[in-house]
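Student: Got a structure here, written out as structure tokens. Questions coming.
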Amino acid sequence: MERRELEARGYLVTPGFIDLHAHLREPGFEDSETIASGARAALRGGFTTICAMPNTEPAIDSPGLVTEVMTRGRAAAAARVLPIATITRGRAGRELADLIELSAAGAVAFSDDGSPVDDAQLFRHAMEYARTKDLLIIEHAQDMGLSGKGVMHEGVVSARLGLPGIPSAAEETAVARDISIAEMTGARLQLTHVSTKGAIASIRDAKARGIRVTCDVTPHHLSMTDDWVAGSRAFAWEREPSLAPPATPYDSTTKVNPPLRAWSDVRALWEGLADGTVDAIATDHAPHASVRKDVEFDQAAFGISGLETALSLVLGGVNAGWADRDTVIRALTTGPAGILGTPVRDDDWIAIDPDVEWTVTADALASMGKNTPLIGRKLRGRVVYAVVGGEVRYEGGLRGATPVGSR
């Protein structure tokens, strides 16, 4: 079906989305997700390109493993899969991986995501090494000493629930350090899943000073607050609690790192989107097998499965007047493309039904990871058609047609 025909039928047609941050779990954790299942789930969310994080087992720290990720991605015949390799060997934070060799093999960026590079001198060396070939470093900015054994945002809600908190300062001090090193080295720095008001302010200031720093935020940090850990299911723009039925407190599907923050942090992220401080929206899709999530909150793994619900969440903010639709679409397309240094592909495009309502159910998710607090929640807006490299890879939910699922 042609773009013009879909537009004439009332669908919103846009370039395919690019996700800078997704966990596909393969190799090593195939009970949580595979490259193939993650790539199919991505298409349902409108992502025609996804960047696979390297915290697998083994970690993606060798050219052979980079090649294997790309090979399995092509075999999936779904969303395009681009490998991100590690900054340090084994993500152990002790010795740099061979970034140039990994780049030559096809790695598009480098990150120890989930394990920030704590050693400032080592991080400086990584940035200097990357600068020689203008490679992209993606950092999970977190001071592990400050975050300690925290399991949610430190604040009034954590105190009420009796859960150890992760203070905003754990992110904000790490962001300040990373920006300082980026300024020192002149290398490109991408700060991922930024979640606090203070971090946004630091990034805004760094950009004004000409430092080569970019950042992304996630759909769950744009829509949910730490009240969700206490059982709320009201989105940040739904100030009336009655708008959403409550859930059970201590639901481990709300446990994510960085944690869901306060309402003022959510507003700051949207303000950063509006003024260009935030360059991209990335899912941080983190699927887990039920054995890692269906346990007590403090024992559960961090992470939310988010590829298929991302669009609906950010459109919710648009419908509430927190940003215009063009801003959000740019943050899902040209923004991440610019960070990767690649053009937006004309042969990758999607069609969206912005008005359709749908209810999130575990059975309906293509991802193997069902760990989302959105199960049972009614959302608005969904992808109905996706084209990758000129080939139709997904059809589902076209008005007047029978959904056929992923191809």
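The values are calculated or read from the model by the stated rules, or taken from the named source; none is laboratory data. The shown structure was predicted, so the numbers you read here are calculated from the model rather than taken from an experiment. Heads up, the Cβs are rebuilt from the backbone with ideal geometry, glycines too, and the neighbour counts pull from every protein chain shown. Surface areas here come from the heavy atoms of the whole protein model, side chains and all, with no ligands, DNA or RNA. Shrake-Rupley method; radii C 1.70, N 1.55, O 1.52, S 1.80 Å.
Student: Would you point out which residue out of Ala206, Ala159, Ala201, Ala169 is part of a helix (DSSP H, G or I), at pLDDT 95 or above, surrounded by fewer than 23 Cβ atoms within 10 Å (Cβ to Cβ) and touching a helix residue (DSSP H, G or I) at 6+ places or on another chain (Cβ under 6 Å)?
Tutor: Sole residue among the options that is part of a helix (DSSP H, G or I), at pLDDT 95 or above, surrounded by fewer than 23 Cβ atoms within 10 Å (Cβ to Cβ) and touching a helix residue (DSSP H, G or I) at 6+ places or on another chain (Cβ under 6 Å): Ala169.
Student: Given (1) free of Cβ contacts under 8 Å to residues at least 60 places away in the same chain; (2) outside any helix (DSSP H, G or I); (3) open to solvent by less than 10 Å² (accessible area, probe 1.4 Å); (4) within 21 Å of Ala337 (Cβ to Cβ), where does Asp112 come up short, assuming only one miss?
Tutor: (4)
Student: When residues of the stretch 358-371 are filtered for being within 21 Å of the chain's Cα centre (by Cα), of a type outside the set (Ser, Thr, Tyr) and open to solvent by less than 60 Å² (accessible area, probe 1.4 Å), how many remain?
Tutor: Summing the residues that are within 21 Å of the chain's Cα centre (by Cα), of a type outside the set (Ser, Thr, Tyr) and open to solvent by less than 60 Å² (accessible area, probe 1.4 Å) in the stretch 358-371 gives 7.
Student: Out of Ala107, Ala75, Ala42, which single residue is in a loop (DSSP other than H, G, I, E, B) and under 27 Å from Gly389 (Cβ atoms)?
Tutor: Ala107
Student: Still on this structure, I have one more. Can Ala182 be described as touching a Leu at 6+ places or on another chain (Cβ under 6 Å), part of a helix (DSSP H, G or I) and closer than 28 Å to Glu296 by Cβ?
Tutor: No; evaluated as a whole, the condition is false for this residue.
Student: Do you know which residues across the stretch 81-105 are open to solvent by less than 20 Å² (accessible area, probe 1.4 Å) and either within 22 Å of the chain's Cα centre (by Cα) or of a type in the set (Lys, Arg) (or both)?
Tutor: Those that are open to solvent by less than 20 Å² (accessible area, probe 1.4 Å) and either within 22 Å of the chain's Cα centre (by Cα) or of a type in the set (Lys, Arg) (or both): Val81, Pro83, Ile84, Ala85, Thr86, Ile87, Thr88.
Student: Is there a residue in the stretch 73-87 that is without any contact (Cβ under 8 Å) to a residue 24 or more places away in the chain and either out of contact with any Leu (no Cβ under 8 Å at 6 or more places or on another chain) or not hydrophobic (A, V, I, L, M, F, W, C) (or both)?
Tutor: yes
Student: Further, regarding this structure: Given the criterion in contact (Cβ under 8 Å) with a residue 40 or more places away in the chain, open to solvent by 60 Å² or more (accessible area, probe 1.4 Å), over 27 Å from Pro15 (Cα atoms) and out of contact with any Lys or Arg (no Cβ under 7 Å at 6 or more places or on another chain), identify the matching residue among Asp275, Asp298.
Tutor: Going through Asp275, Asp298 in turn, the sole match is Asp298.
Student: Here is a further query. Output the residues belonging to the stretch 320-357 that are open to solvent by 20 Å² or more (accessible area, probe 1.4 Å), closer than 23 Å to Ala107 by Cβ and assigned to a helix (DSSP H, G or I).
Tutor: Those that are open to solvent by 20 Å² or more (accessible area, probe 1.4 Å), closer than 23 Å to Ala107 by Cβ and assigned to a helix (DSSP H, G or I): Thr334, Gly338, Leu340.
Student: Further question: Output yes when any residue across the stretch 25-35 is assigned to a helix (DSSP H, G or I) and touching a residue at least 40 places away in the same chain (Cβ under 8 Å), and no when none is.
Tutor: Among the residues of the stretch 25-35, at least one is assigned to a helix (DSSP H, G or I) and touching a residue at least 40 places away in the same chain (Cβ under 8 Å), which makes the answer yes.
Student: May I pose another question? Could you say which residue among Thr132, Thr185 is open to solvent by 60 Å² or more (accessible area, probe 1.4 Å) and among the polar types (S, T, N, Q)?
Tutor: Being open to solvent by 60 Å² or more (accessible area, probe 1.4 Å) and among the polar types (S, T, N, Q) holds for just one of Thr132, Thr185, which is Thr132.
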